[in-house]
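Asker: The structure follows.
The values are calculated or read from the model by the stated rules, or taken from the named source; none is laboratory data. Source: prediction; values computed, not measured. As a convention, Cβ positions derive from the backbone with ideal geometry for all residues, glycine included, and neighbour counts pool all protein chains shown. Quick note on the areas: whole protein, heavy atoms, side chains included, nothing else; ligands and nucleic acids left out. Shrake-Rupley method; radii C 1.70, N 1.55, O 1.52, S 1.80 Å.
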Amino acid sequence: MRSAILGFVAGVGWLQIQASLPTQFSFWFLGVTAILLCLSARATRRPEFKIPLLIACGAAIGFVWAALFAQQFLSDELPREMEGRDVTVIGTIDSLPVTFQQGVRFNFKVERVLGETEQREAAPVVPARLALSWYSGFRQDEVQEIIKVLPGERWQLTVRLHRPHGNANPYGFDYEVWLLEQNLRATGYVRPDQKSTLKNRRLDEFVVTFGNIVERSRDWLRNRIFSALPGKEYAGVIVALVIGDQRAINQSDWKVFNRTGISHLVSISGLHITMVAGLFAAIAFALWRRSFFTRASLPTILPAQKVAALAGAGAALVYVLLAGFGVPAQRTLYMLSVVALALWCGRITSVSQVLCIALGVVALLDPWAVLWPGFWLSFGAVAIILYVSVGRMQLYPGPDSSLYGKSVALMKSATLTQYAITIGLVPLTMLLFGQISLVSPIANAIAIPLISFIVTPMALIGSLLPVPLSGWMLGAAHFFVEWLALGLGWASGFADTVWLAPIPPPWVFLLALAGTLWMLAPRGWPVRWLGLMAWVPLFVNAPVHPTAGEMWATAFDVGQGAGLLIETERHRLLYDTGPFYSPESDGASRVILPYLKARGIGSLDAVVISHSDNDHSGGALSVFEDIDVGWVSSSLALDSPIVQAAPGHRRCTAGQSWSWDGVDFEMLHPSPASYENIRWKPNMRSCTLKITLGKQSILLAGDIEAAQEAELTEAVPDKLRASVLLAPHHGSGTSSTSPFLAAVRPGIALFQVGYRNRYRHPKQEVFDRYGTFGIARLRSDESGAVRLRIGSGLDYGAYRNEHARYWYGR
């Protein structure tokens, strides 16, 4: 069975890297193949044949199952003709709402579609579940009170929807597949009342369903915690430990948790669920064994062990439901359930079987779980514990041991387990994140017992106690978190806290994994220290870079904004830093920095910020905070916070030039005198940079408009010729004039634009104008990130094409 389950998970993972879903013929072929493989496996008794047959059979079944799952979810799609249209829907709030500065976000379960009027016969087609935002105002002069919504409420809302779409970048978060996994097949926002025929209104205070009861309970607990800890910095951490909602934790705190390697504790982890299940099981065992202090003789009716198993599994289920059903929580629940079922049936089940069954159930119920790091880290940690403990480590002291002996044994066991997990997960952590925390062993040695055995129990008990006891208990839990965070903040401040390296190629990962298993082998295994040598390629893995006479450029998909990385043999320059999304997120923190870290790039020689508009400079502060920057060039005002924080700032002016590794950089705009003209808008002063290697060149024009294009065409027409042009002002109607395009004569034009952006960039007539000149046009909202390789020739590729997945382009 274990072989078949592992094959099933492999088949599920195989489907998730396909560019398209299988055809009907493929479904039937794989189904018949699975049956034949299963029959062949049953017919043979030889393990060397049986195991591969079972793995292959499981893989075929897993592939078909995941494909059917995906096909079902994708079928509930918003029609393209419905994008951008107002539609009135009736339904219920289907998730825990999250309030942000501009409004509130929530999932909405559609019950009925009204369309424009209630008398409309053919209602529009709308997916069953929507991800909605309800803004308090679209402009500063429209600020309204943020609407309060609660899980389980029934509302009538007029919404404007669009199909699932997210930024597509190498090493970036795939928002589209996350929406698919959540069965959210459209996103959008609630329209203001004055612009709709039907008013937005609450119809019912609560609709009784199991899911609504769970979400309303989570909301009640969250409100109790925030009420008990008003204004407390780490109240979001307490909420995360009780109900698994991590959205109230500040990004600055996440940065500290990640750098110290304890972020896995700031949630409902498997250890916390096991602890709660064990507590309830022990209470049930004690009470049932004593027949609740009556003369009922309950153990003669049903053994106390079975009652304890049922109570533990039930408590785990309730806690996991409150946790939002994340992968680590699921894994623990399924493992505890299998153990409880085995106890009830009187069958002894090995730990490896329990782990495999949990693995299979997670993949069965959520085929997309295999795409997320938490899935592999969660099961990887358990697998490492089993590898170092089963048959050779006594996890628990014997019943005859003294109190001192038990304490020493438990301390030794905990230390060895923590050592094994820390060492064992290094290759996987480097593969998933390209970095490891060097202080993680020490930080976890302190944080694990503190969070698991002190803070979490206090938080759980405090969230249920009546006032004022709840405030005292939650306040004490917050006190411990606060002091822990203080120590972690100090530890994370060292420059060498995190080891950064490129994400390794498969052979380097497999070699390091083999070395890890060698190091953790049983005592007596020959020269276990040699396993450490297999880590050498993992840590000396240097970032790849262009060769001599070569240049790379990466135009990121940052939505409605700009951000490009230019790389020469030994230097790197970032042109613009992406847009500002919210106080907690921007184009740099969400797209650019994850890419740099995954490549093992820890520093930039230069950053050019074309102008002050948020869609170009919004991520600058995040860049300065996270990585080393040599110098910064911009057209920003000297009193700008970005300029104040920028290392080695200089104003960009026409005539500036430098060379790196045979690549020439020249600033063509703005003129020095333009800084004295207070009438100029920031767009007009955009730093315009030309980068040349041999006969190929790139022209980065920021947001210059027609007047600046005319100036450049007249002043430096011989310098405008370029192979690649970053479309000025994202292809707006005020830029990309015909004389300018005729002077540049690019072969490729890049349009960095957001999907269905409110500016309608690029304008259709401008986009067509590029086509008239025979220019290849690449839009980031359609192609994702674009990579350019420039040497003796010019090669380019679009991420959505080179990394095609079946959920793209629908």
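Asker: What helices in the chain pass both tests, a Cα length along the helix axis of 30 Å or more and a mean Kyte hydropathy of 0.0 or higher, using whole DSSP H runs?
Answerer: Helices meeting the span and hydropathy rule in the chain are 47-75, 403-424, 469-492.
Asker: Also, I was wondering about something else. Leaving out ligands, DNA and RNA, what percent of the accessible area of the chain is carbon and sulfur, probe 1.4 Å?
Answerer: The C+S portion of the solvent-accessible surface of the chain is 61 percent.
Asker: Using all C-alpha to C-alpha distances in the stretch 241-291, build P(r) with 5 Å bins and read off the rounded percent in each one.
Answerer: Bins of 5 Å from zero give 4, 17, 19, 17, 12, 9, 8, 6, 5, 3, 0 percent of pairs.
Asker: If the only charges are +1 at each Lys and Arg Cβ and -1 at each Asp and Glu Cβ, what is the size of the charge dipole of the stretch 169-309 around the Cα centre, to the nearest 20 debye?
Answerer: On the way: 18 positive and 11 negative charges, 94 e Å.
In total the dipole reaches around 460 debye.
Asker: What whole-number value in Å² describes the accessible area per residue of the chain for a 1.4 Å probe?
Answerer: Result: 47 Å² per residue.
Asker: What fraction of the DSSP beta bridges in the stretch 540-664 is antiparallel, stated in percent and rounded to the nearest 5?
Answerer: 50 percent
Asker: Using just the Cα positions, wrap the stretch 546-696 in a convex hull and report its mean projected area in square nanometres, one decimal place.
Answerer: The number I arrive at for the stretch 546-696 is 8.8 nm².
Asker: How many Å³ per residue does the convex hull of the Cα positions in the stretch 171-274 occupy?
Answerer: 208 Å³
Asker: Work out the FRET efficiency for R201 and I51 from their Cβ-Cβ distance, taking R0 = 56 Å, and round it to the nearest 0.05.
Answerer: 0.35
Asker: Please work out, to two decimal places, the log10 of the ratio I(q)/I(0) at q = 0.06, 0.09, 0.11 Å⁻¹ from a Debye calculation in which every Cα of the chain carries one identical scatterer.
Answerer: Once normalised to I(0) and log-transformed, intensities are -0.46, -1.04, -1.49.
Asker: Name the long-range amide H neighbours of T688: under 5 Å, sequence gap of 5 or more, or other chain; modelled H, no Pro or chain starts.
Answerer: Sorted by chain and number, the residues that satisfy this are L668, H669.
Asker: Taking the Cβ of E569 as the center, what net charge do the other residues with Cβ under 10 Å away carry, scoring Lys and Arg +1 and Asp and Glu -1?
Answerer: Surrounding charge for E569 is -2.
Asker: For the stretch 35-91, build the convex hull from the C-alpha positions and give me its volume per residue in Å³.
Answerer: 112 Å³
Asker: Please name whichever of L438, W535, L460 sits farthest to the positive end of the charge dipole of the chain, dipole taken about the Cα centre and charges placed at Cβ: Lys and Arg +1, Asp and Glu -1.
Answerer: Result: L460.
Asker: How far is the Cα center of the stretch 205-269 from the Cα center of the stretch 24-81, in Å?
Answerer: About 39 Å separates the Cα centre of the stretch 205-269 from the one of the stretch 24-81.
Asker: Rg/Rh for the stretch 209-363: what does it come to with C-alpha atoms and Rh from Kirkwood?
Answerer: On the Cα set of the stretch 209-363, Rg over Rh gives 1.05.
Asker: Moving to a separate point now. Counting DSSP beta bridges with both partners in the chain, what percentage is antiparallel, nearest 5? Before the final figure, lay out each step's value.
Answerer: On the way: 67 of 92 bridges.
If I count the DSSP bridges inside the chain, around 75 percent turn out antiparallel.
Asker: How large are Rg and Dmax for the stretch 759-810 when calculated on the C-alpha trace, in angstrom?
Answerer: When restricted to Cα atoms, the stretch 759-810 yields Rg and Dmax of 13.3, 38 Å.
Asker: Can you list the chymotrypsin sites (Phe, Trp or Tyr not before Pro) in the stretch 1-43 that are in a DSSP coil and have 11 or fewer other beta carbons within 10 angstrom? Present the calculation step by step, with values, prior to reporting the outcome.
Answerer: Values: sites: F8, W14, F25, F27, W28, F29; in loops: none.
Of the chymotrypsin sites (Phe, Trp or Tyr not before Pro), not one in the loops of the stretch 1-43 has a Cβ with at most 11 other Cβ atoms within 10 Å.
Asker: Got a number for the accessible area of Y189? Probe 1.4 Å, square angstrom, nearest 10.
Answerer: 60 Å²
Asker: By how many nm would the segment from Q156 to S136 lengthen if fully extended, with 0.36 nm per residue of separation less the alpha-carbon distance?
Answerer: On the way: separation 20, 0.36 × 20 = 7.20 nm, distance 1.73 nm.
That pair, Q156 and S136, stretches by 5.5 nm at full extension.
Asker: Ranked by accessible surface with a 1.4 Å probe, highest first, in what order do I93, I5 come?
Answerer: Listed by decreasing accessible area, they come as I5, I93.
Asker: Follow-up. Tell me what the chain gives for mean residue ellipticity at 222 nm when only DSSP H runs of n ≥ 4 count, each as -39,500 (n - 2.57), the sum divided by the residue total, rounded to 500 deg cm²/dmol.
Answerer: After summing the helix terms and dividing by the residues of the chain, the value is -13500 deg cm²/dmol.
Asker: Further question on the same structure: Per the Kirkwood definition applied to all pairs of different Cα atoms, how many angstroms is the hydrodynamic radius of the stretch 257-319?
Answerer: 13.1 Å
Asker: May I pose another question? Within the stretch 644-781, what percent of beta bridges assigned by DSSP are antiparallel, to the nearest 5?
Answerer: DSSP beta bridges in the stretch 644-781 are roughly 60 percent antiparallel.
Asker: Not counting ligands, DNA or RNA, and with a 1.4 Å probe, what is R216's accessible surface area in Å² rounded to the nearest 10?
Answerer: Estimated to the nearest 10 Å², R216 gives 60 Å².
Asker: Rank S617, S252 by accessible area, highest first, at a 1.4 Å probe radius?
Answerer: S252, S617
Asker: Still on this model: So how long is each side of the stretch 679-810 along the principal axes, counting just the alpha-carbon atoms, biggest first, in Å?
Answerer: Extents along the principal axes, in whole Å: 48, 40, 26.
Asker: Would you kindly calculate the translational diffusion coefficient of the stretch 682-755, applying Stokes-Einstein with the Kirkwood radius from alpha carbon pairs, for 25 °C and a viscosity of 0.890 mPa s, and quote it in µm² s⁻¹ without decimals?
Answerer: It diffuses with D of about 202 µm²/s by this estimate.
Asker: Going through the cross-link list K232/K412; K597/K690; K148/K681; K681/K719, which pairs have a Cα-Cα distance over 32 Å in this structure?
Answerer: K232/K412; K148/K681
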